[in-house]
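Heads up: the structure comes next, in structure tokens.
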Amino acid sequence: MIKDSKQHILKGRRLYIPRMSTEAASALAAAFRSVGVDACISPESDARTLDLASRFTNGEECLPQRVTLGNFLKIVQGLNFDPRSTAFFLPTSSGPCRFGQYRNLLRKVLDEAGAQEARIFSPTSSNGYAGIADRRFRFLVTVWRALILSDSLRKARLMIRPYEAEKGLTDSLHNRFLGKACRVLGDPDIGFRRQRRECVKILQSAAEAFESIPLKEKLGSRPLIGVVGEIYLRFNEFSNQHMLRSIENQGGEVWIANIAEWAWYTNYEEERKLREAAGIVTFEMARVRLRRYIQETEEKALTRPLRKFFRSRPETPVPRLLEYSRPYLPAHKALGEMTLNAGNAVAFYHAGCDGVVDISPFTCMNGIVSEVVYPRISRDHEQFPIRIFYFDGVPFDLTGHLEIFMEQAGSYRRRRLEKSRRGSRSGQ
Ligand code: SF4
């Protein structure tokens, strides 16, 4: 149980987790339950979400902020809402990104709505979110396991779903294994070591189940589209107008930059700043390195059953992404998602993708800067197709725009395969 300074915030309250990605939010809620917090995910987004948010916003807020706020307002307007037994999970950060303002706006709106007694639980990103639950080891490791599990299940789902012979089978298997994982992660009576063993078993069974799904097409035979962009929109299907499914419906396969990448990046940045500030190994630096060591060990152990399954989809480590990004957006000057977007675009090119889609909220600085460098990245990499899509909550004809992009990706793929055939013939 959480028995530290955070206890007074969460004790006797239900904690609502924003549904950025349903699978990650479900697993995170389970991690909270594993330490005795009554946590669940916030409602699905729909038109009412934006309608509610619009009553308290003026249009300058980014779409993720409006969607998060609108879904929390659904809870506030629910029949059984009691502010004294409610808390909202809302991480925050410093810097120019509007993410740092989410909490302030939510507080203001809750107060205006008469919910002054509802709490907001906000760890900060400046220390890699290490403030959650005052460094309770079990909680933090369970959160990490939750993230790795949900990322892995999503990745497996996206690799198989476009090729499944029976529509819906991949999603239903994904949801079944996610449910099993959440039950294990959220059970406070399952010991720490057993939790890991059970998680590994779940991923082992998931790998076997995914591999046995009957296919209508050969795996990997479709144009492979890397997906980058703003982290909330990338994963929130309502906000991105179901972009991933649309790519699949238009004959593609999706490979999306995962959520854990952001955690690796914040670790990397934290280490770099500590190194630059101190110049020597400090206690703080040792703590950060120990955390990285634990995360790497956990990730290796959990994903071992999927190693063969994922061999054609290796993740690019963050230092390599930043190297790739350097000619376009120097990592130590242009921070955050824009650097990762540029690095990932190059990484997806090297990994054999046929194009990259960037999903970005309208007016978000990250997307605007990334868009400026994409033409150069494309030119430097054999006219690799890269296209940014902006979303502001007003639906538009995504299918039409995507059709044009998929045409480009298809013709790039034909050129790429022809080149590799010629290369292998001349090498014979
Ligand atoms: S990255 Fe952009 S869209 Fe995301 S929270 Fe920050 S300002 Fe908003």
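The values are calculated or read from the model by the stated rules, or taken from the named source; none is laboratory data. Everything quoted here is computed from the prediction, not taken from an experiment. Cβ coordinates were reconstructed from backbone atoms using ideal geometry, including for glycine residues, and neighbour counts include every protein chain displayed. With ligands, DNA and RNA removed, areas are computed over all heavy atoms of the protein, side chains included. Shrake-Rupley method; radii C 1.70, N 1.55, O 1.52, S 1.80 Å.
Over the chain, the pair-distance histogram of Cα-Cα distances with 20 Å bins from zero comes to 25, 59, 16, 1 percent, rounded to whole numbers. Straight-distance candidates among the lysines for linking to Lys216, with alpha-carbon spacing under 16 Å and chain neighbours fewer than 8 residues away dropped: Lys167. Placing a pseudo-label 7 Å from each Cα along the Cα-to-Cβ vector at Ala278 and His381 gives an inter-label distance of 3.6 nm. Of all aspartates and glutamates in the structure, those lying under 17 Å Cα to Cα from Lys308, and not within fewer than 8 positions of it along the same chain, are Asp151, Glu208, Glu211, Glu299. Rounded to the nearest Hz, the phi-derived 3J(HN,Hα) couplings of region 173-183 under the Karplus curve 6.51 cos²θ - 1.76 cosθ + 1.60 (θ = phi - 60°) are 5, 4, 5, 5, 6, 5, x, 4, 4, 5, 5, where x marks glycine and proline.
Based on the mean of other Cβ atoms within 10 Å per residue, sort peptides 58-70, 110-122 so the most packed one is first.
Highest to lowest by the protection proxy: 58-70, 110-122.
Between Asn249 and His332, the FRET efficiency estimated from the beta carbon spacing at R0 = 45 angstrom works out to 0.65.
Applying 1/(1 + (r/R0)^6) with R0 = 60 Å to the Cβ-Cβ distance of Asp397 and Arg193 gives a FRET efficiency near 0.70. The modelled label-to-label distance for the pair Arg287/Ala47, using points 7 Å beyond Cα in the direction of Cβ, is 5.0 nm.
Here's how it looks for Val254: its modeled amide H is under 5 Å from those of Ile225, which are all 5 or more places away or on a different chain. Annotation: amide H-H contacts under 5 Å for Ile120 (H modelled 1.01 Å from N, sequence separation of 5 or more, or interchain): Phe88. The lysines whose alpha-carbon is closer than 17 Å to the alpha-carbon of Lys273, local same-chain residues fewer than 8 away aside, are Lys333. With a cut-off of 19 Å on the backbone N, the residues of region 188-230 near the modelled label site 7 Å out from Lys308 along Cα-Cβ are 200-215, 219-220. Between Glu323 and Lys300, take the C-beta separation as r, use R0 = 30 Å, and let me know the FRET efficiency to the nearest 0.05. Working from the Cβ atoms, E equals 0.85. Multiplying the residue separation of Arg415 and Asp38 by 0.36 nm and subtracting their alpha-carbon distance yields 130.4 nm. Residue-wise HN-Hα couplings along region 245-252, as the Karplus relation 6.51 cos²θ - 1.76 cosθ + 1.60 with θ = phi - 60° gives them from phi, are 5, 4, 4, 5, 4, 9, x, x Hz; Gly and Pro carry x.
Distances between placed amide hydrogens fall under 5 Å for Ile386 paired with Val356, all partners being 5 or more residues away or on another chain. Modelled spin labels at Gln77 and Lys218, positioned 7 Å past Cα toward Cβ, are 5.2 nm from each other.
When the helices of the chain are scored as -39500 (n - 2.57) per DSSP H run of n ≥ 4 and the total is divided over every residue, the value at 222 nm lands at -17500 deg cm²/dmol. Per-residue surface analysis assigns Tyr16 an accessible area of about 40 Å², computed on protein heavy atoms at 1.4 Å probe radius. Short-range pairs are left out: with C-alpha atoms under 8 Å and at least six residues apart, the relative contact order of the chain is 16 percent.
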